[in-house]
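I have placed the structure first, in the form of structure tokens, so that the comments after it can refer back to it.
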Amino acid sequence: IGDGVAFAEDPSGSGGIFVWGQPTWSWDASDPGARRLAAVQVVNAALCRQRDVAEAFGVNETTVWRWREEYADGGMGALLPIPHGPKRPSKLTTEKVDEIRALHYAGKTIAAVAEATGVSTFSVRRALGLTPRRPVSSNLDLQADDDEAGEGGAGEAAAGELVALAKPTERTNERAAACGGVLDEAAPVICEGSSLPLVGSLLILPALAATGLLEAATAVYGAGRKVRGIHRSAFYGLRSLVLCVVFSCLVGEPRAEGATRLDPVAIGRLLGLDRAPEVKRLRFRTAELAGERRADELVMALAQHHVDAHPKEVGLLYIDGHVRAYHGGAEIPKAHVARIRLAMPAEVDTWITDRFGDGLLVWQSAPGASLAGELALTVDKVRSLLGPDARPTLCFDRGGWSPKLFAQLVLSGFDILTYRKYTKTPEPRSAFVDHVFTDDLGHTQHYLLSDRTVRVPYNANRRRFTCRQIVKLDEATGHQTQILTTRDDADPAMIAHAMFSRWRVENFFRYMRAHYGLDALDAYETIPDDPDRLVANPAKRKAARHAGEAAQSITSAEANRRRASFDHLEANRELTDAYMSAQAELEARRAAAKAIPAKVPLGLVRPDAVRIDVERKRIMDAIRMATYNAESSLARLLAPHYARAEDEARSLLREAFRTSADLEVNGATLHVRIEPLSAPRRTRAIAGLCQELNATETIYPGTNLKLVYSVKEV
């Protein structure tokens, strides 16, 4: 098998290695550890190539490499094949179980029963049916912790028991293989155990699968790690990266730096790995994806999946902009932040949600862009999603007011729904009729509405836009709210309710800011701003200020001259000349200000201006948006099982996501048994939700295991 090295082995399995005819290593058929040691040492001594040794010993080259790693870490003892499974027969025989139950029924405590029968309290609970069993044959390769339990101790574990707070299997070899370029992505391995922290977050998986997030990400970026068009190996693949962000959001840490505040082992269990990626690795992998510049494709892929899955929900679309304030040192454009009523450096994103307020699309708005201007971009994006025959309704606030644009939207096959802007004549009280409408939450809404056709002028009153005006009257205050629409529904109450439900997109922004890091920067990279973009000329503003100062001086002088006249005093010649000189100076300054152009290219006044590069931000937004939509779906499923679901559904889900649970593999199913929650009514609600989720028969990502949810009995 090498220069001067020979391998010999008889049919029984005994053999040896000879170096230049001298027996150097030998082993017996009953000692596989010595055989592995010979293979390791002949390679470590550089007598043969690892590939030739693996071929002679009848194993894969990776196996020989793994033997060498184990020998380097633990010596010869690490090469001994340790059989999995229990080391002795279970102490819980039929007679022992009957004895335990008899003592318990006699009134003894669990601790007293354990001491009397010579078993652990855990075994007593299992005999009494208080702890779920696990088949002996399921996932035996992960039961090292069970094998190490000692006789009679607190950690005593018979076959079929779940280990409390079990730690995942170390994946050192796979990490080394990824570094060596022979592993595309670490496959998930379920860590079975009881009372595992944060495992309640797995409740999101059926709803997340409905969003198509993993499929869309795979379709856009590919399954493996791809850098500059070349696929490379990685321990944390795309699946792990996406799910890590999802689970981090659910437990309250939506930003990458939040990984420092989470237990990496706890998140690793959710991913099927030994630990979650650290902040540096998470940012590095996200930067690699951002380098492909496909974030907008990911958002569109998610939107297309949402449209295909929920065609009725996208018949009404809410459109609004969200301003993200910037507090760094880069010179970026300013925008008005309505929340704090200030203009400051900020980036503006335009969001589109469906009628329930679930996220659909997002893109970065140009500096200074109005909502009316963004509506023009909406036409092409929405049309590409819904197809040429759809006629959706676009709902927006007064920021999108433009009758000329309304006419263009109608010609493009859209209906509009918005509030009327500017002063308008109130409707007479006799025009209002009482309407009753039942919304999608089952609530009865009462509206006093008037309904008539109006013509809105535009283009300096040369044209008219004809539409429907629905006015709501508040009898308590007499205030009238006027709504314009091109929809022709027979019931005006339905249109009014759709307009007043625009608060759903505001709730989307508010919840995403508080729990999903909507305002997070996510990346510090900048890109040059467009130097040819026209901006306000600061020289004109300065000249106008100088002219204003001159006008103020003249105004003060005129006031003094009038006071002199009232006192029967005449202004002297010197004062009159000064006054006339000031008038001439004012006229000169006004002429100079008028000659200065109002706008100039950005490159002339701010050559260092930049924009925030939103590629990484947009990838994270896409994942967070899908997670929010999945949580919304769970909240709607929870409604029949929880009386206060309208007010507390999301807070209940956040509690469930942070709850511990048991994980157990049973054949082709993965059982998730959630610990009871803070109140019985909340526990019952989650139990009902589990039944709804089990009907979906969702597969855990990266495996063939079907998820089965339940709540542990108290």
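The values are calculated or read from the model by the stated rules, or taken from the named source; none is laboratory data. All values derive from a computational prediction rather than experimental measurement. Here Cβ is always computed from backbone atoms with ideal geometry, including for glycine, and neighbour counts include all displayed protein chains. Surface areas here come from the heavy atoms of the whole protein model, side chains and all, with no ligands, DNA or RNA. Shrake-Rupley method; radii C 1.70, N 1.55, O 1.52, S 1.80 Å.
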Checklist entry - in contact with a strand residue (DSSP E or B) (Cβ under 7 Å, 6 or more places away or on another chain) and without any contact (Cβ under 8 Å) to a residue 60 or more places away in the chain: does that describe Thr669? => result yes
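Looking at region 678-705, which of its residues are of a type outside the set (D, E, K, R) and on the phi > 0 side of the Ramachandran plot?
Gly702
Check His310, His336, His305 and return the single one that is touching a strand residue (DSSP E or B) at 6+ places or on another chain (Cβ under 8 Å) and either surrounded by fewer than 19 Cβ atoms within 10 Å (Cβ to Cβ) or small (Gly, Ala, Ser) (or both).
Details: His310 fails: touching a strand residue (DSSP E or B) at 6+ places or on another chain (Cβ under 8 Å); His305 fails: touching a strand residue (DSSP E or B) at 6+ places or on another chain (Cβ under 8 Å).
Step by step, each of His310, His336, His305 is checked, and only His336 is touching a strand residue (DSSP E or B) at 6+ places or on another chain (Cβ under 8 Å) and either surrounded by fewer than 19 Cβ atoms within 10 Å (Cβ to Cβ) or small (Gly, Ala, Ser) (or both).
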Next on the checklist: For a quick check of your reading of the model, give me the residue pairs whose first member lies in region 580-599 and is more than 12 Å from Glu549 (Cβ to Cβ), whose second is open to solvent by 70 Å² or more (accessible area, probe 1.4 Å), with beta-carbon atoms closer than 8 Å and at least 6 apart or on different chains.
Outcome noted: Lys599/Leu534
Checklist outcome for this item: Conditions (1) closer than 29 Å to Leu377 by Cβ; (2) part of a strand (DSSP E or B) -> Asp451 fails only (1)
Checklist entry - Is at least one residue of region 658-665 at pLDDT 90 or above, open to solvent by less than 60 Å² (accessible area, probe 1.4 Å), among the hydroxyl-bearing types (Ser, Thr, Tyr) and farther than 30 Å from Gly357 by Cβ? => result yes
Item to check | Restricting region 414-439 to residues that are free of Cβ contacts under 8 Å to residues at least 24 places away in the same chain and under 40 Å from the mean Cα position of the chain (by Cα), the residue that is farthest from Asp354 (Cα to Cα) | outcome: Tyr422
Checklist entry - Which residue out of Arg487, Arg510 is open to solvent by 60 Å² or more (accessible area, probe 1.4 Å), touching a helix residue (DSSP H, G or I) at 6+ places or on another chain (Cβ under 9 Å), among the basic types (Lys, Arg) and more than 22 Å from Arg293 (Cβ to Cβ)? => result Arg487
Checklist entry - Taking region 490-507, which residues are assigned to a helix (DSSP H, G or I), open to solvent by 10 Å² or more (accessible area, probe 1.4 Å) and among the small types (Gly, Ala, Ser)? => result Ala498
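Rundown of residues vs (1) crowded, with 20+ Cβ neighbours inside 10 Å; (2) on the phi < 0 side of the Ramachandran plot; (3) not hydroxyl-bearing (Ser, Thr, Tyr), yes/no style:
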| site | (1), (2), (3) |
| --- | --- |
| Tyr318 | yes, yes, no |
| Leu342 | no, yes, yes |
| Glu347 | yes, yes, yes |
| Thr353 | yes, yes, no |
| Val379 | no, yes, yes |
| Val382 | yes, yes, yes |
Checklist entry - open to solvent by 40 Å² or more (accessible area, probe 1.4 Å), in a strand (DSSP E or B), more than 19 Å from Lys404 (Cα to Cα) and of a type in the set (Lys, Arg) - does that describe any residue in region 470-478? => result yes
Checklist outcome for this item: Scanning region 465-511 for residues that are of a type in the set (Lys, Arg) and free of Cβ contacts under 8 Å to residues at least 12 places away in the same chain gives Arg510
Checklist entry - Would you pick out the residues in region 397-441 that are within 17 Å of Leu316 (Cα to Cα), aromatic (Phe, Trp, Tyr), out of contact with any Cys (no Cβ under 9 Å at 6 or more places or on another chain) and not in a loop (DSSP other than H, G, I, E, B)? => result Tyr419
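Just for region 566-580: of the residues that are over 11 Å from Ser553 (Cβ atoms) and either of a type in the set (Gly, Ala, Ser) or open to solvent by less than 60 Å² (accessible area, probe 1.4 Å) (or both), which one is modelled with the lowest pLDDT? Reasoning before the result, please.
Here is the first cut: in region 566-580, the residues over 11 Å from Ser553 (Cβ atoms) are 566-577, 580.
So of that shortlist, the ones also either of a type in the set (Gly, Ala, Ser) or open to solvent by less than 60 Å² (accessible area, probe 1.4 Å) (or both) come out as 571, 576.
Numbers: Ala571: 55, Thr576: 70.
Applying the filter and picking the extreme gives Ala571.
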Checklist entry - Looking at (1) surrounded by fewer than 18 Cβ atoms within 10 Å (Cβ to Cβ); (2) under 30 Å from Arg644 (Cα atoms), which is the one condition that is false for Ala390? => result (2)
Checklist entry - Counting residues that are in contact (Cβ under 8 Å) with a residue 60 or more places away in the chain, which strands (runs of 3 or more DSSP E) fully inside region 282-374 reach at least 3? => result 316-325, 342-353, 359-364
Checklist outcome for this item: How many residues of region 396-424 are open to solvent by 40 Å² or more (accessible area, probe 1.4 Å) and β-branched (Val, Ile, Thr)? The answer is 2
Checklist entry - Does region 270-283 include one or more residues that are closer than 19 Å to Ala223 by Cβ and touching a Phe, Trp or Tyr at 6+ places or on another chain (Cβ under 7 Å)? => result yes
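Based on this model, can you work out whether Ala39 counts as open to solvent by less than 50 Å² (accessible area, probe 1.4 Å) and more than 22 Å from Gly180 (Cβ to Cβ)?
When the stated conditions are applied, Ala39 does not pass them.
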Item to check | Selected residue (criterion: surrounded by the most Cβ atoms within 10 Å (Cβ to Cβ)) from residues of region 320-333 that are of a type in the set (A, V, I, L, M, F, W, C) and within 20 Å of Gly517 (Cα to Cα) | outcome: Val323
Item to check | Long-range neighbours under 7 Å by Cβ, at least six apart or interchain, first residue within 17 Å of Arg504 (Cβ to Cβ) within region 388-400, second open to solvent by less than 50 Å² (accessible area, probe 1.4 Å) and among the acidic types (Asp, Glu) | outcome: Thr393/Asp415; Phe396/Asp320; Asp397/Asp320
Checklist entry - Thr444 fails exactly one of the following numbered conditions: (1) surrounded by 15 or more Cβ atoms within 10 Å (Cβ to Cβ); (2) among the polar types (S, T, N, Q); (3) under 40 Å from the mean Cα position of the chain (by Cα). What is the number of that condition? => result (1)
Checklist outcome for this item: Quick count over region 99-120, residues being assigned to a loop (DSSP other than H, G, I, E, B) and at pLDDT below 80, is 4
Item to check | Flag if Gly357 is at positive phi and open to solvent by 50 Å² or more (accessible area, probe 1.4 Å) | outcome: no
Checklist entry - Would a scan of region 370-378 turn up a residue that is of a type in the set (S, T, N, Q), closer than 26 Å to Asp308 by Cα and under 27 Å from the mean Cα position of the chain (by Cα)? => result yes
Next on the checklist: Looking for something within 47 Å of the chain's Cα centre (by Cα), among the basic types (Lys, Arg) and open to solvent by 70 Å² or more (accessible area, probe 1.4 Å) - is there at least one such residue anywhere in region 48-57?
Outcome noted: yes
Checklist entry - Can you find a residue in region 216-236 that is under 24 Å from Glu655 (Cβ atoms), modelled with pLDDT under 95, touching a helix residue (DSSP H, G or I) at 6+ places or on another chain (Cβ under 6 Å) and open to solvent by less than 50 Å² (accessible area, probe 1.4 Å)? => result no
Item to check | Residue that is surrounded by fewer than 15 Cβ atoms within 10 Å (Cβ to Cβ), in a helix (DSSP H, G or I) and aliphatic (A, V, I, L, M), where the choices are Leu586, Leu604 | outcome: Leu604
Next on the checklist: If Ser12 meets every condition in (1) farther than 30 Å from Glu170 by Cβ; (2) crowded, with 17+ Cβ neighbours inside 10 Å apart from one, which number is that one?
Outcome noted: (2)
